[in-house]
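> Encoded as structure tokens, here's the structure I'll be asking about.
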């Protein structure tokens, strides 16, 4: 474990054993896929905790810089930035989405960036289509429309493609406040196919092997891995560490 991943008792006014446990879960074992859908799972349920990938070097510094094309909650000049690569059909992503929305209500110096990581091997029917749909919504309605669409999608739809995407999509688009005819033109046009794939490629380059996969950017600009739908307490410990390092 590197110095930037080591949390000491000077950083927190909580027992060091709790900090170490949180760091081990979210940092030291980030390739295990616990609490997340893993690309290695080709058979059975997504997110099988028995499928543990080999530990790899930390490549989170390969994360693409945040720019105007990104979807952000919180201040762009936040002290801590969490860049999440997510799959709309992943149940663990829906769980982590709820956690992050709660955190954003409680932290005023944290930015949450949503990027696309559809796992085609696990969710071949809807995940990439949903990613493209969300980008069309963002183009037509802006950042707020993107988050309305995404929050509602994660909150109300079943995961693992156990629903009728084509019937439900118009409701989500209307909820986001976007013109349906303009959306249909964008959705059918393929404009965001490359953008979504670029997000996928960057997720993998940073070490992502499943979803949700996140890269935390600290106050000093360092990067930390955060894998899986970690509990809010663990995420907040990492935020506190990132805030002070």
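The values are calculated or read from the model by the stated rules, or taken from the named source; none is laboratory data. Not measured: the values here are computed from a predicted model. Backbone-built Cβ (ideal geometry, glycine too); neighbour counts: all protein chains shown.
> Given the conditions (1) over 21 Å from residue 70 (Cβ atoms); (2) crowded, with 22+ Cβ neighbours inside 10 Å, which single one is not true for residue 189?
The one condition residue 189 does not meet is (2).
> Go through region 120-132 and give me each residue that's surrounded by fewer than 23 Cβ atoms within 10 Å (Cβ to Cβ) and under 20 Å from residue 35 (Cβ atoms).
Across region 120-132, the qualifying residues are 121, 122, 123.
> Taking only region 101-119 into account, find how many residues are over 16 Å from the mean Cα position of the chain (by Cα) and part of a loop (DSSP other than H, G, I, E, B).
3
> Return the only residue of 240, 174, 233 being closer than 24 Å to residue 111 by Cα and exposed (fewer than 14 other Cβ atoms within 10 Å of the Cβ).
Testing whether each residue is closer than 24 Å to residue 111 by Cα and exposed (fewer than 14 other Cβ atoms within 10 Å of the Cβ) leaves just 233.
> Mind listing whichever residues of region 144-193 are free of Cβ contacts under 8 Å to residues at least 24 places away in the same chain, closer than 16 Å to residue 87 by Cα and either in a helix (DSSP H, G or I) or touching a strand residue (DSSP E or B) at 6+ places or on another chain (Cβ under 7 Å) (or both)?
Within region 144-193, just 156 meets the criteria.
> Does region 221-245 hold any residues that are outside any helix (DSSP H, G or I), touching a helix residue (DSSP H, G or I) at 6+ places or on another chain (Cβ under 7 Å) and within 21 Å of residue 76 (Cβ to Cβ), and which are they?
222, 223, 224, 226, 245
> Here's something else I'd like to know. Suppose the filter is in contact (Cβ under 8 Å) with a residue 40 or more places away in the chain, within 12 Å of the chain's Cα centre (by Cα), closer than 23 Å to residue 167 by Cα and not in a strand (DSSP E or B); does residue 138 pass it?
no
> Has region 148-166 got at least one residue that is closer than 18 Å to residue 67 by Cα, at pLDDT 95 or above and touching a helix residue (DSSP H, G or I) at 6+ places or on another chain (Cβ under 6 Å)?
No, the conditions are met nowhere in region 148-166.
> Without any contact (Cβ under 8 Å) to a residue 60 or more places away in the chain, closer than 18 Å to residue 229 by Cα and buried (at least 21 other Cβ atoms within 10 Å of the Cβ), is that true of residue 113? Working first, answer last.
Details: without any contact (Cβ under 8 Å) to a residue 60 or more places away in the chain: yes; closer than 18 Å to residue 229 by Cα: yes; buried (at least 21 other Cβ atoms within 10 Å of the Cβ): yes.
Judged against the criteria, residue 113 is a match.
> Also: Being at pLDDT below 95 and surrounded by fewer than 20 Cβ atoms within 10 Å (Cβ to Cβ) narrows it down to one residue among 38, 101, 49; which is it?
Answer to the check: 49.
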